[in-house]
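Peer 1: Encoded as structure tokens, here's the structure I'll be asking about.
The values are calculated or read from the model by the stated rules, or taken from the named source; none is laboratory data. Everything numeric here is computed off the predicted structure, so don't read it as measured data. Note that each Cβ is placed from the backbone with ideal geometry, even for glycine, and that neighbours are counted across all protein chains shown.
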Amino acid sequence: MAVVASDRGDPCAHAVKNELKLCPFEIKERAPYHVLRLLAGAKVNENKEQDCIILSICGNDYMITSEALEFYNRVADRIKREELEAKGFSAPFNTEDVCFIFNHAGKVAAIEYGKDPKMLRVYFYLADYGGCGFYRIIQPSCFLNENKETLIYSEFGDGFSHNLGKNFDVLVYPRLGDPWAFSVLRALKNMGKVVIFETDDLLSSIPDWNPAKHAHHAKENLWREKFIKECDGLIVSTEELKSRLGREDRTYVCHNGVDEKIWPMVVKEQVGVRESKEKGEKIGILWAGSKTHSKDLAMIAPVIKRLIRQFPETLHVYFVGSVPTEFLISQDVCGVLTAEVCPQFRNNISFVHGVNVFQYPQLLASLPVHIALAPLVECEFNECKSEIKVLEAWALGLPMIASRIAPYSRAIKHNVNGLLIGPNQNDWYYAIESLIANPAKRTEFAKRGLETLREKYMMTQIRDDYERALLLLARGRTVRKECNAAIQKRLEEKKWL
């Protein structure tokens, strides 16, 4: 049975929907809905009083700008010409037609959106789907697109070939380490594209005890060094990385940042030892990370044992993603060797398996924890890391106790918004004990940490660093005069030169 396209299933539909204040990225995101309405015969009327266009269909009115209508008409005309007429589609559309048009409109809108000759078109290569991929690729790309003023249109994806040169001016490639990728990037560079190397780790200095050492062989480091020398510039997460990669004049620091929409951003309610014991609750301690932190965890494992002996009824430690081997026992389950927390520690220690990066904030927020820990042994690799663990703890509303080395001392001011501790295990013990016994101090550190987070590390602020870096590296390099002129004007207006 033929059906006219309606608003069923559209969560944004209302009797009257005001979409006059949508930013460019939101206009693109709304394209499938409005393109479908236009192709289904929506009425278009100009409202001179409100200086807008009224799109009417199925008893609903949508107020949009004339610029948005022009964009939607361009996408609709292209779909009608290149897809519908060629395949014999015509109104009224059946259910399958509607799904086809809706999905195709999103793809065409993305292409049309990036055609503004003034926009700098940037492609972020998604090399992994973990924390690095999220913080360094997905998050920056999305925030650049959501900004109403930015001069950048960006996309991210896990595809990588010479064809990207057709649609993009700038290509950002993280952690390059193989000859094939190097050859593609060199070819793109020869095409006049701006090619950027991105990293948030000093991969040439991974310590032998770190399992990641086996994933980044000497040959990969050689290709990486070649690319660092030949690329048009670098984007890194810390000043320490910038100083060690040998291209300081063409390297820009864009710190990791937090998206407040996916984190609690509220100070966690704290409990005291006596209150905890009376209520049968426990004071929770959090450590979260990957299996690459075995030696870092080994530094505090004896401290955790000592604290458990002192607070057997009121302390519980949650290890997310990895756990010190001292607390594990191997078991053979149906021929499969698995590791579990030793029986003598199960009342005080939990091992929480990692989750998809998009579920990670929700997982951490669900744990009954009150203090976060971030130990790091002193070595060149760790000194170049970012302060992301501190930022995540503050976004959870937790006080942080961290090692006194570069990444954490950059964010934490000792005894003001957290505690910085050296490698001595007694110092770690007394620092954690002091916060266990003092819920008011925990609250104070968490509050000031959250203030620091909001002042310096929100993605709405970090986004400007990315735009500045990309515009400076691409200045005068695109084939479109309109884009080069717009970049120069933007840099001058923002005083980024």
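Peer 1: Go through segment 449-464 and give me each residue that's surrounded by 17 or more Cβ atoms within 10 Å (Cβ to Cβ) and either closer than 24 Å to K189 by Cα or of a type in the set (S, T, Y) (or both).
Peer 2: T452, Y457
Peer 1: Under the condition of being surrounded by fewer than 17 Cβ atoms within 10 Å (Cβ to Cβ) and farther than 21 Å from C254 by Cβ, which residue from segment 477-487 is farthest from the chain's Cα centre (by Cα)?
Peer 2: Applying the filter and picking the extreme gives K481.
Peer 1: Let me ask something else about it. Could you list, in sequence order, all residues of segment 418-433 that are touching a residue at least 12 places away in the same chain (Cβ under 8 Å) and assigned to a helix (DSSP H, G or I)?
Peer 2: Q425, W428, Y429, A431, I432, E433
Peer 1: Can I ask one more? State the number of residues belonging to segment 374-393 that are part of a helix (DSSP H, G or I) and more than 16 Å from the chain's Cα centre (by Cα).
Peer 2: 4
Peer 1: How many of the residues in segment 256-298 are touching a helix residue (DSSP H, G or I) at 6+ places or on another chain (Cβ under 7 Å), of a type outside the set (D, E, K, R) and part of a helix (DSSP H, G or I)?
Peer 2: Of the residues in that region, 2 qualify.
Peer 1: Looking at (1) surrounded by 17 or more Cβ atoms within 10 Å (Cβ to Cβ); (2) at pLDDT below 80; (3) touching a Lys or Arg at 6+ places or on another chain (Cβ under 7 Å), which is the one condition that is false for C23?
Peer 2: Going through the list (1) surrounded by 17 or more Cβ atoms within 10 Å (Cβ to Cβ); (2) at pLDDT below 80; (3) touching a Lys or Arg at 6+ places or on another chain (Cβ under 7 Å), C23 breaks only (1).
Peer 1: For residues that are more than 24 Å from T292 (Cα to Cα), free of Cβ contacts under 8 Å to residues at least 24 places away in the same chain and under 15 Å from the mean Cα position of the chain (by Cα), scanning just segment 129-177, find the one that is surrounded by the fewest Cβ atoms within 10 Å (Cβ to Cβ).
Peer 2: Applying the filter and picking the extreme gives C142.
Peer 1: Please go through (1) surrounded by fewer than 13 Cβ atoms within 10 Å (Cβ to Cβ); (2) modelled with pLDDT under 95; (3) within 26 Å of G449 (Cα to Cα) for V357 and return the number of the only condition it doesn't satisfy.
Peer 2: Unmet for V357, out of (1) surrounded by fewer than 13 Cβ atoms within 10 Å (Cβ to Cβ); (2) modelled with pLDDT under 95; (3) within 26 Å of G449 (Cα to Cα): (1).
Peer 1: How do the pairs read when you match residues in segment 469-494 that are in the same structural domain as G233 (by TED's automatic domain parsing) with residues anywhere that are assigned to a loop (DSSP other than H, G, I, E, B) and hydroxyl-bearing (S, T, Y), using Cβ under 8 Å and keeping only pairs 6 or more apart or on different chains?
Peer 2: From residues that are in the same structural domain as G233 (by TED's automatic domain parsing), the pairs are N484/T478; I487/T478.
Listed here are the residues, each with its yes/no results for (1) of a type in the set (A, V, I, L, M); (2) closer than 17 Å to P399 by Cα; (3) more than 30 Å from the chain's Cα centre (by Cα).
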site: K282; (1), (2), (3): no, yes, yes
site: L286; (1), (2), (3): yes, yes, no
site: K291; (1), (2), (3): no, no, no
site: M299; (1), (2), (3): yes, no, no
site: I304; (1), (2), (3): yes, no, yes
site: L307; (1), (2), (3): yes, no, yes
site: V317; (1), (2), (3): yes, yes, no
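Peer 1: For I304, work out the one condition from (1) outside the structural domain of D200 (by TED's automatic domain parsing); (2) farther than 30 Å from Y430 by Cβ it doesn't fulfil.
Peer 2: (2)
Peer 1: Still on this structure: Has segment 94-106 got at least one residue that is hydroxyl-bearing (S, T, Y), over 28 Å from M191 (Cα atoms), at pLDDT 90 or above and assigned to a helix (DSSP H, G or I)?
Peer 2: No, segment 94-106 contains no residue that is hydroxyl-bearing (S, T, Y), over 28 Å from M191 (Cα atoms), at pLDDT 90 or above and assigned to a helix (DSSP H, G or I).
Peer 1: I would also like to ask the following. Restricting attention to segment 350-367, which residues are part of a loop (DSSP other than H, G, I, E, B) and either free of Cβ contacts under 8 Å to residues at least 40 places away in the same chain or within 15 Å of the chain's Cα centre (by Cα) (or both)?
Peer 2: Across segment 350-367, the qualifying residues are H353, V355, N356, V357, F358, Q359.
Peer 1: Looking at (1) among the hydroxyl-bearing types (S, T, Y); (2) surrounded by 16 or more Cβ atoms within 10 Å (Cβ to Cβ); (3) more than 18 Å from I27 (Cβ to Cβ), which is the only condition S90 fails?
Peer 2: (2)
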